[in-house]
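The values are calculated or read from the model by the stated rules, or taken from the named source; none is laboratory data. Just so it is clear, the structure is predicted and the values come from calculations on it, not from any experiment. No Cβ is skipped: glycine too gets one built from the backbone with ideal geometry, and neighbour counts run over all protein chains shown. These accessible areas exclude ligands, DNA and RNA; they are computed on the full protein's heavy atoms, side chains included. Shrake-Rupley method; radii C 1.70, N 1.55, O 1.52, S 1.80 Å.
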Amino acid sequence: MEKMTSKVRVREILEQAKQSWEQQGQDALLVVIYEGLLKKKVSFPLLEFAAKEMALWIPEDEQLYVMDILVATKEMGSYVLAGMMLQLRLPLYLEESIQRACAYIVGGDQWYVCDIVGERVLGHALLTYPEKTIPLLKHLAQYSDKWIVRTIGVATHYAVKKGLSPKFTEIMFRLLLSLSDATDFHIKKGIGWGAKTIAKFHPTIIERYRKQIELPEIRQWFRTKITIGLNRNKVATSL
């Protein structure tokens, strides 16, 4: 697979895609993106750059269709493009973007799809619009689909790592704690990832919930992730 490392080359492909779109329509645009970017080995940062550029000239009312078709290819890069474009739509279309992200996550049916889209859409939404996003995440926690539940932990990891305030971090920890009885491997990975990140960056929150964490009904895998996070905090603060 050809590797692409140049932003200049990405710009050239995007210009070709734009011209194809203007002259021949959406289908021609999608062919260029598919052949020029998705079938090449392109880093995530370059794909995010491409998504930002595309969002500047693809009309808002056509963006969702373009994302749907790209994601239908199931190429890994398509989820980066779609996730980034949905992130850009969050200020105006927060609930719609989260709903679309969840549809891509369920349809993708792979851990990497959950993580790629979950971080860029739900994670960024939690970081930038916590008061609006947290009720949506609480609702998603009730879903039976393992990928949707996993993405709550993924979103928490992203937002906390990027600087989510202690107030909202504590609310998310309570939500993760309520999901600590999970037995599915993928759910445990996602929820544990979020809990571990909270322990690393906010050990005082963990101490406030120490009694609840030690209750018999809290599964050992959750406590193990907490311990790992606390240990990483100690290492970081000792440097």
Handout entry: Residue check, residue 143 hydroxyl-bearing (Ser, Thr, Tyr), in the same structural domain as residue 224 (by the TED database) and either in contact with a strand residue (DSSP E or B) (Cβ under 7 Å, 6 or more places away or on another chain) or assigned to a loop (DSSP other than H, G, I, E, B) (or both)
Key = yes
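For (1) touching a Lys or Arg at 6+ places or on another chain (Cβ under 8 Å); (2) among the basic types (Lys, Arg), each residue gets a yes or a no:
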{"residue": "202", "(1), (2)": "no, no"}
{"residue": "208", "(1), (2)": "no, yes"}
{"residue": "211", "(1), (2)": "no, yes"}
{"residue": "217", "(1), (2)": "no, no"}
{"residue": "223", "(1), (2)": "no, yes"}
{"residue": "233", "(1), (2)": "yes, no"}
{"residue": "237", "(1), (2)": "no, no"}
Practice task
Take residue 163 and decide whether it is of a type in the set (Gly, Ala, Ser), surrounded by 15 or more Cβ atoms within 10 Å (Cβ to Cβ) and closer than 21 Å to residue 118 by Cβ.
Solution key: no
Handout entry: Criterion violated by residue 95 - all others in (1) open to solvent by less than 40 Å² (accessible area, probe 1.4 Å); (2) outside the structural domain of residue 222 (by the TED database); (3) charged (D, E, K, R) satisfied
Key = (1)
Handout entry: Any hit, segment 68-75, residues being open to solvent by 20 Å² or more (accessible area, probe 1.4 Å), on the phi > 0 side of the Ramachandran plot and either in contact with a His (Cβ under 8 Å, 6 or more places away or on another chain) or not assigned by the TED database to the domain that holds residue 148 (or both)
Key = yes
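Listed here are the residues, each with its yes/no results for (1) under 17 Å from residue 76 (Cβ atoms); (2) assigned by the TED database to the domain that holds residue 74; (3) surrounded by 13 or more Cβ atoms within 10 Å (Cβ to Cβ); (4) not polar (S, T, N, Q).
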position: 2; (1), (2), (3), (4): yes, yes, no, yes
position: 8; (1), (2), (3), (4): no, yes, no, yes
position: 12; (1), (2), (3), (4): no, yes, no, yes
position: 24; (1), (2), (3), (4): no, yes, no, no
position: 40; (1), (2), (3), (4): yes, yes, yes, yes
Exercise for the section: Considering only segment 72-96, state which residues are over 12 Å from the mean Cα position of the chain (by Cα) and polar (S, T, N, Q). Expected result: 73, 78
